[in-house]
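Student: Quick one: this structure, given as structure tokens, is what I'll be asking you about.
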Amino acid sequence: MTTPAADDGVPRVALDWKTRLSITLGGFLIQLLGKTWRVTTHGRDNALRPGGHDGAVVYTLWHGQMLPLLWKHTVRTGVLVSEHKDGEIITRILEQFGMFGVRGSSSRGGTRALLEAVQVVKGGTNMAFTPDGPRGPRHSFAPGALILAHRAGVPIVTITAHVDRTWRFGSWDAFELPKPFAKITVLYGVPRIVAGEDIRAVAARTAEFAEYMHEDRARVDALATSRAPTPRSSN
């Protein structure tokens, strides 16, 4: 059974009342918990206006850090999520925070989702990818975000976070839920253009961009303790 289609044209998966209630209550509790978090952001202005203009970008973030990263993002952004039931749940949670889902993954609906994402970005709206999602391995980097950025002609911007006090779930992504009054430091990375002669060349750069994310994670950890190394850019 399905419900009417979402904005991206994919039929909504019907959820039972217990799941819907859990999403609503969970969103309310996160809102209350989030009011206690102390969030500091770095690099956000440059990331939102790469090259001095207001063009869209493709964000990459690790799956396990979605909550602390998107909490203070406040910019309407599409997020690639699975077409499975779990993706429907994530989509409805995202909608509570002003985001929206583009449905599909590398294993199901990927081609359609990528085409939809290209249109979203070309229309001037940002897209966010979790390159290690939807099922891992944790901190692996699938090429979808690079292909999207290349086809749409926009930069990649990493988003990483340091949370000083957090609960980590026992899931594959070690999902982070900041504890009450946690200090969250968020870093928007240097906008990086994804150059390449063709899609194959672009997809071959996954290890390079995974390393950028690891470098930016080290940098945000340093920023949280006021020891920030200098970032490097990419062409």
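Student: Would you mention how many residues in the range 181-203 are in contact (Cβ under 8 Å) with a residue 60 or more places away in the chain and open to solvent by 50 Å² or more (accessible area, probe 1.4 Å)?
Tutor: In the first step, residues of the range 181-203 are kept if they are in contact (Cβ under 8 Å) with a residue 60 or more places away in the chain; the result is 181-191, 203.
Okay, now just the ones that are also open to solvent by 50 Å² or more (accessible area, probe 1.4 Å), so 181, 183.
Result for the range 181-203: 2.
Student: The conditions are (1) open to solvent by less than 10 Å² (accessible area, probe 1.4 Å); (2) in contact with a helix residue (DSSP H, G or I) (Cβ under 7 Å, 6 or more places away or on another chain); (3) modelled with pLDDT of 80 or more, and Gly34 fails exactly one of them. Which is it?
Tutor: (2)
Student: Given the condition buried (at least 16 other Cβ atoms within 10 Å of the Cβ) and farther than 27 Å from Glu211 by Cβ, answer yes or no: does some residue in the range 135-142 qualify?
Tutor: Within the range 135-142, none of the residues are buried (at least 16 other Cβ atoms within 10 Å of the Cβ) and farther than 27 Å from Glu211 by Cβ.
Student: If you don't mind, there's one more thing I want to ask. Which numbered condition trips up Met213, out of (1) touching a helix residue (DSSP H, G or I) at 6+ places or on another chain (Cβ under 7 Å); (2) surrounded by 14 or more Cβ atoms within 10 Å (Cβ to Cβ); (3) hydrophobic (A, V, I, L, M, F, W, C)?
Tutor: Every condition holds for Met213 apart from (1).
Student: Among the residues of the range 71-93, count how many are crowded, with 19+ Cβ neighbours inside 10 Å, outside any helix (DSSP H, G or I) and of a type outside the set (Asp, Glu).
Tutor: Count: 8.
Student: Tell me yes or no: at least one residue of the range 223-231 is touching a Ser or Thr at 6+ places or on another chain (Cβ under 8 Å) and under 14 Å from Thr60 (Cα atoms). Walk me through how you get there before you give the answer.
Tutor: Step one: of the range 223-231, the residues touching a Ser or Thr at 6+ places or on another chain (Cβ under 8 Å) are 223-224.
Filter once more, keeping what is under 14 Å from Thr60 (Cα atoms): none.
No, every residue in the range 223-231 fails to be touching a Ser or Thr at 6+ places or on another chain (Cβ under 8 Å) and under 14 Å from Thr60 (Cα atoms).
Student: Only one of (1) under 18 Å from the mean Cα position of the chain (by Cα); (2) exposed (fewer than 14 other Cβ atoms within 10 Å of the Cβ); (3) closer than 16 Å to Trp37 by Cβ fails for Ser171. Which number is that?
Tutor: Only one criterion is unmet by Ser171, namely (3).
The values are calculated or read from the model by the stated rules, or taken from the named source; none is laboratory data. Keep in mind it's a predicted model, so treat the numbers as computed, not measured. Note that each Cβ is placed from the backbone with ideal geometry, even for glycine, and that neighbours are counted across all protein chains shown. Side chains are part of the model used for accessible areas, which takes the heavy atoms of the whole protein and leaves out ligands, DNA and RNA. Shrake-Rupley method; radii C 1.70, N 1.55, O 1.52, S 1.80 Å.
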